[in-house]
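The values are calculated or read from the model by the stated rules, or taken from the named source; none is laboratory data. Since this is a predicted model, take the numbers as computed values, not measurements. Backbone-built Cβ (ideal geometry, glycine too); neighbour counts: all protein chains shown.
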Amino acid sequence: MSPNFPVILASALIPFLVATIWFHKSLFGGERWHAMSDMSAEKASSPVKPLGLVASILLNVFLAFGMYLFSIHETGVFGMVGGEAELMKTGTAAAFLAEYGGRFHTWTHGLAHGIAATLFFALPMIGYVTIFEKKSAKYFFVYLFYWLITLILMSIVICLWGAVPLK
């Protein structure tokens, strides 16, 4: 399996799409979110600088590729042959992929990996930010569930369409 880069790049847009809905003023976006995050109305209304937008896109691409590595198990076989794709076409690696490759490219597998990524990566990081920036439990849960939804959707998209069989 190799990465389907157009799908991985498209899945990098999911954090933006979910944030547009999740932080909309009818949910957590209005004054409630500004109060939780200690953001002034002036600061919230200022546009994102181009460098910040480029950085956020790049971070989303890193996240999407990380979710590919986390969700697509064939990448483990690729690592075991030292990253040489040709070695995956013959011998034990090819036999393993013929028998087991592509078995877990389902939406339920993506769901499981999105939940796991949230529990083992997002939860501890958001927890640290919440504790040391002295934020509220509401702040913690708003961001935790934002990342839960985002990582589940990213992982489902990647599990279903993010890998291309080797030829």
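Odds and ends about this structure:
- Residue within region 30-40 that is closer than 18 Å to L148 by Cβ and in contact (Cβ under 8 Å) with a residue 12 or more places away in the chain present: yes
- Selection count, region 18-29, where residues are without any contact (Cβ under 8 Å) to a residue 60 or more places away in the chain and among the aliphatic types (A, V, I, L, M): 2
- Just one residue in the set F96, F120 is surrounded by fewer than 17 Cβ atoms within 10 Å (Cβ to Cβ), without any contact (Cβ under 8 Å) to a residue 24 or more places away in the chain and more than 23 Å from S2 (Cβ to Cβ); that residue is F120.
- Condition check for S37: farther than 29 Å from F104 by Cβ, surrounded by 12 or more Cβ atoms within 10 Å (Cβ to Cβ) and of a type outside the set (A, V, I, L, M, F, W, C): yes
- Condition met for I158 (under 11 Å from the mean Cα position of the chain (by Cα), crowded, with 17+ Cβ neighbours inside 10 Å and within 14 Å of H73 (Cα to Cα)): yes
- Tally of residues being part of a helix (DSSP H, G or I) and acidic (D, E) across region 126-166: 0
Rundown of residues vs (1) surrounded by 15 or more Cβ atoms within 10 Å (Cβ to Cβ); (2) closer than 22 Å to L9 by Cα; (3) touching a helix residue (DSSP H, G or I) at 6+ places or on another chain (Cβ under 9 Å); (4) among the charged types (D, E, K, R), yes/no style:
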| site | (1), (2), (3), (4) |
| --- | --- |
| G52 | no, yes, no, no |
| L58 | no, yes, no, no |
| A64 | yes, yes, yes, no |
| E84 | no, no, yes, yes |
| H105 | yes, yes, yes, no |
| G110 | yes, yes, yes, no |
| T130 | yes, no, yes, no |
| G162 | yes, yes, yes, no |
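- Selection status of S71, touching a Cys at 6+ places or on another chain (Cβ under 6 Å) and either among the small types (G, A, S) or farther than 14 Å from L151 by Cβ (or both): yes
- In region 66-80, the residues that are buried (at least 16 other Cβ atoms within 10 Å of the Cβ) and closer than 23 Å to E99 by Cα: Y68, F70, S71, I72, H73, E74, T75, V77, F78
- The single residue among S37, S45 that is modelled with pLDDT of 80 or more and not hydrophobic (A, V, I, L, M, F, W, C) turns out to be S37.
A quick yes/no check of all residues on (1) of a type outside the set (S, T, N, Q); (2) under 28 Å from S136 (Cα atoms); (3) free of Cβ contacts under 8 Å to residues at least 24 places away in the same chain:
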site	(1), (2), (3)
S11	no, no, no
F16	yes, yes, no
E42	yes, yes, yes
P47	yes, yes, yes
G52	yes, yes, yes
V61	yes, no, no
M67	yes, no, no
I72	yes, no, no
